[in-house]
Amino acid sequence: MKSFSWIPAAAAAALAVAPVPAAELRQQPKAVLELFTSQGCNSCPQADALLTKLSQRKDIITLAYHVDYWDYVGWADTFGSAENSEFQREYARSWGSTRIYTPQIVVNGRMGVIGSRSGEVDDAITDAKLDLPVSLAVNGGMLEVTVGARSDAREATIWLVTYKDSEVVSIERGENAGKTMNYTTIVTGRQVLGMWEPDRGSHLKLPLKELMADGSNGAVILIQEEAEGLPGPILGASSVQL
């Protein structure tokens, strides 16, 4: 993924941010659902369908990370990557585990549940919340990101995740051979933009042209804690269709 220009919090006061058009306003979500899935996993289609359903909710952000460790069964996931598999392993290590599996849904970076069990997913969503406000606005070919301040929090990482909203794939081999699947919110890239400063917040500007590279048509900004280089709780998030 290409690098992006950004403006740290210290420069935010100098910016004259245009009013956000009503069409660009996004409801603050209560949960970010990160699904680790594979086209080669026969128990994943149910989770993929559930994620598609949940993606319609205004209070939830969904992201599908396709892994590559099922490719050996005879079908290489067309969206799969070693980076996505390693990201899932990092979550497991952060929870003191070495076990990874598909389908897994990680809720707000805090817990993982079996992604095909709608009841477990619903229960996790019921108790989920994101307290840190993150707002996005599209102005003059730029995506402007504003993250609020919160004095009781510690410094966290600002992540940009780009995605493709949907794509239909006909699977020819492996455990799902013969199925035609509609995949949604498919992650196309994940990159650190900088650090969020709790005492004064942060403000960034990103060029839309760069965000839309490689067929991406959506973006999510995540504020996520880390411990010893491993992913931790997500504090706030917002998404935008490009």
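Enumerate the lysines that K209 could reach by cross-link, defined here as Cα to Cα under 22 Å, with residues fewer than 8 away along the same chain left out.
Answer for K209, where 22 Å is the Cα cut-off: K2, K164, listed by chain and number.
Given charges of +1 on the Cβ of Lys and Arg and -1 on the Cβ of Asp and Glu, with all other atoms neutral, how large is the dipole of the chain about its Cα centre, in debye to the nearest 20?
360 debye
What order do W70, W196, W95 take when sorted by accessible area (1.4 Å probe), most exposed first?
Order by accessible area, largest first: W95, W70, W196.
Near R150, within a Cβ-to-Cβ distance under 14 Å, what is the net charge of the other residues, with Lys and Arg +1 and Asp and Glu -1?
So the environment of R150 carries a net charge of -3.
Classify segment 69-226 from the C-alpha gyration tensor, please: rounded if a/c falls under 1.5, else prolate or oblate depending on whether a/b exceeds b/c.
Since a/c reaches 1.5 but b/c is at least a/b, the shape of segment 69-226 is classed as oblate.
With a ≥ b ≥ c the root eigenvalues of the C-alpha gyration tensor of segment 144-212, is it rounded (a/c under 1.5), prolate (a/b larger than b/c) or oblate?
Prolate shape, in that a/c is at least 1.5 and a/b is the bigger ratio.
Residue separation times 0.36 nm, minus the C-alpha to C-alpha distance between A177 and D152: what's the value?
Answer, rounded to one decimal: 3.9 nm.
Place a label point 7 angstrom from the Cα of A213 along the Cα-to-Cβ direction, then list the residues of segment 153-172 whose backbone nitrogen is under 13 Å away.
162
Using the heavy atoms of the protein chains alone and a 1.4 angstrom probe, what is the accessible area of segment 125-206 per residue in square angstrom?
44 Å²
Would you work out what percent of the accessible area of the chain, with all protein chains in place, is carbon or sulfur (probe 1.4 Å)?
Solvent-exposed carbon and sulfur of the chain make up 50 percent of the total.
Starting from the Cα of K53, step 7 Å along the direction of its Cβ; do the same at E90; then give the gap between the two resulting points in nm.
Each label point is offset 7 Å from its Cα along the Cβ direction, giving 3.1 nm.
What's the longest piece of the chain with no exposed trypsin sites (Lys or Arg not before Pro), counting a site as exposed if DSSP puts it in a loop and it has at most 12 other beta carbons within 10 Å?
Between exposed loop sites, the widest span is 155-242.
The values are calculated or read from the model by the stated rules, or taken from the named source; none is laboratory data. Fair warning: this is a prediction, and the values are worked out from it, not measured in the lab. No Cβ is skipped: glycine too gets one built from the backbone with ideal geometry, and neighbour counts run over all protein chains shown. The protein model used for the area step is the full one, side chains on, heavy atoms only, and it has no ligands, DNA or RNA in it. Shrake-Rupley method; radii C 1.70, N 1.55, O 1.52, S 1.80 Å.
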